[in-house]
Amino acid sequence: MKMWKFVPVLLCIFAFLVISSNPALGHTVTVYAEAVLVGVDIYDDIEFDESLIVGETIMRGVCTYDSEAPDQDWPDNFGLYSLISISITAGNYTFTHDPAAAEGPYFCISTGAGGFYYYVISLASLFYGPCWFNGQPSDLEDLVLFPTWAGVAMFFDGDSASAIGDALPDENTFPDLSVFNGDNTYFYVTSGTTPVFTLFGEITSLTVVPEPASAIILGLGAVAVILRRKRR
């Protein structure tokens, strides 16, 4: 993937760090997506277990946000909104926003003549799952100490022919997966520090659900994480 594609993301990150958020109270919207793992880049002596298989492993992502979260007063063609949560699972691994972090996750929308882009990102994340580092068994929770630029993200690259504005979509206005460009609509997980690793997943399905149905999905996800951690 080309590095220039991340320039809008870095702009979103900078913007979020220099503004404060005071979301209004609406109803919770949950975006649930699945992807196929298409890449694992490793730059240090770290190994993952057999549950991560490129081309086969299914990644599952979920994010939630307030349907009436306000735009953070940015110019036309650019929207920045607070998220409630974001997480991605793949095989025996879980990547999620740290609820104790000072900065929350966010939903960035960029529009213009070339199309539109949704960036759903956490820069303060917790990683869980078995690994081997320098030949020794360990866990990502023990190894990864997160700096500013690490995190979990979902990227949605919109069709240039679609007339989408920078308003926060709800369950009725969130575009169908067919509106997005496949190769550039993906999950992205990166440690950003030693050991350095990155996971990519190409999104294959997308469902947007309002409360109370989203509460059921989130509850099941929370139970799955708890059970997984108890088995460790």
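Please go through the stretch 170-186 and pick out each residue that is out of contact with any Leu (no Cβ under 8 Å at 6 or more places or on another chain), of a type in the set (Ser, Thr, Tyr) and buried (at least 17 other Cβ atoms within 10 Å of the Cβ).
TYR186 - this is the single residue of the stretch 170-186 that is out of contact with any Leu (no Cβ under 8 Å at 6 or more places or on another chain), of a type in the set (Ser, Thr, Tyr) and buried (at least 17 other Cβ atoms within 10 Å of the Cβ).
Scan (1) over 26 Å from PRO99 (Cβ atoms); (2) modelled with pLDDT under 90; (3) among the β-branched types (Val, Ile, Thr); (4) not in a loop (DSSP other than H, G, I, E, B) for the single condition THR204 breaks and write down its number.
Only one criterion in (1) over 26 Å from PRO99 (Cβ atoms); (2) modelled with pLDDT under 90; (3) among the β-branched types (Val, Ile, Thr); (4) not in a loop (DSSP other than H, G, I, E, B) is unmet by THR204, namely (2).
What are the residues in the stretch 27-50 that are in contact (Cβ under 8 Å) with a residue 60 or more places away in the chain and assigned to a loop (DSSP other than H, G, I, E, B), if any?
HIS27, TYR43, ASP44, ASP45, ASP49
What strands (runs of 3 or more DSSP E), lying completely within the stretch 121-193, carry at least 3 residues that are modelled with pLDDT under 90 and more than 21 Å from PHE78 (Cα to Cα)?
none
Considering only residues of the stretch 60-78 that are crowded, with 22+ Cβ neighbours inside 10 Å and more than 9 Å from the chain's Cα centre (by Cα), which is modelled with the highest pLDDT?
In this case the residue turns out to be TYR65.
Does any residue in the stretch 141-167 that is closer than 21 Å to TYR117 by Cβ and acidic (Asp, Glu) come within less than 9 Å, Cβ to Cβ, of a residue that is modelled with pLDDT of 65 or more and in a loop (DSSP other than H, G, I, E, B) six or more places away or on a different chain, and which pairs are these?
Correct list of pairs: ASP157/ASN181; ASP157/THR185; ASP159/PRO175; ASP159/ASN181; ASP166/ASP71; ASP166/TRP74; ASP166/ASP76; ASP166/ASN77.
Which of the residues that make up the stretch 82-106 are small (Gly, Ala, Ser), within 17 Å of THR30 (Cβ to Cβ) and not in a loop (DSSP other than H, G, I, E, B)?
The answer is SER82, SER85, SER87.
The values are calculated or read from the model by the stated rules, or taken from the named source; none is laboratory data. Everything quoted here is computed from the prediction, not taken from an experiment. No Cβ is skipped: glycine too gets one built from the backbone with ideal geometry, and neighbour counts run over all protein chains shown.
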